[in-house]
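A quick write-up on the structure given underneath.
The values are calculated or read from the model by the stated rules, or taken from the named source; none is laboratory data. Quick caveat, the model's predicted, so the values are computed rather than measured. Note that we place each Cβ from the backbone using ideal geometry, even for glycine, and neighbour counts take in every protein chain shown.
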Amino acid sequence: MLAMLFDYARSFAQTKLPALLIGTALFVLLRYILCRAGAFARRSIPHEAGLALFALYLCAVLSLTFLPFRLDPAAGSYALDSTLLAIARGEYAAGSWVWAMMLGNVLMLVPFGLLAPLLWERLRGLRVLPAGLGFILAIELLQPLTGRSFDVDDILLNALGVLAGALLALIIQTLLPRQTAALRA
């Protein structure tokens, strides 16, 4: 299973890295222009670095969930039956590929739950969950328009990832209060 995850990460880096770099560069450029124009107050270097990291992360998630992009609503699908429930009921024997995909769905949203509360006070603690769920739902609802699928399991597993990230953020904020305050300055 670990080898599968490494293969997937290598494939991601080879196929989606250009979109990742372009998206992050556009964010940094836009942020610079807006700060210079006075649209945003200048913040600390740690905060700006955190925002750039968050932008990089968002570009990674969007490229992972939407690339290659093709506008093809007819090819999209809605998976409303849950593989997780079928596994729990003993109706489905999940192979290593299924477990790797489930783990990947959890891990994909851990950074959202971790970084957002560290960067924005109003998302501290479990208040990040509605923002994370909104992000997850936006992705899942748009995916069928691009020929991909809406999957109930993705929503559940992604939400679990946001929750895990939020708990990690709470631990970090408790152990390192000065450093996390510097990220918000």
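Descriptive notes on the structure:
- Selection from region 129-149 of residues that are at negative phi and not in a helix (DSSP H, G or I): Arg148, Ser149
- Checking each residue in region 11-56 for being among the hydroxyl-bearing types (Ser, Thr, Tyr) and surrounded by 15 or more Cβ atoms within 10 Å (Cβ to Cβ) picks out only Thr24.
- Condition met for Ala185 (touching a Lys or Arg at 6+ places or on another chain (Cβ under 9 Å), of a type in the set (A, V, I, L, M) and surrounded by fewer than 16 Cβ atoms within 10 Å (Cβ to Cβ)): yes
- Options Leu53, Leu58; residue that is of a type in the set (A, V, I, L, M), touching a Gly at 6+ places or on another chain (Cβ under 9 Å), at pLDDT 85 or above and assigned to a helix (DSSP H, G or I): Leu58
- Residue count for region 99-128, restricted to those that are over 19 Å from Asp151 (Cα atoms), in a helix (DSSP H, G or I) and in contact (Cβ under 8 Å) with a residue 24 or more places away in the chain: 13
- Inter-residue pairs, beta-carbon under 8 Å, first polar (S, T, N, Q) and in region 15-28, second assigned to a helix (DSSP H, G or I) and surrounded by 14 or more Cβ atoms within 10 Å (Cβ to Cβ), 6+ apart: Thr24/Ala52; Thr24/Ala55; Thr24/Leu56; Thr24/Cys59
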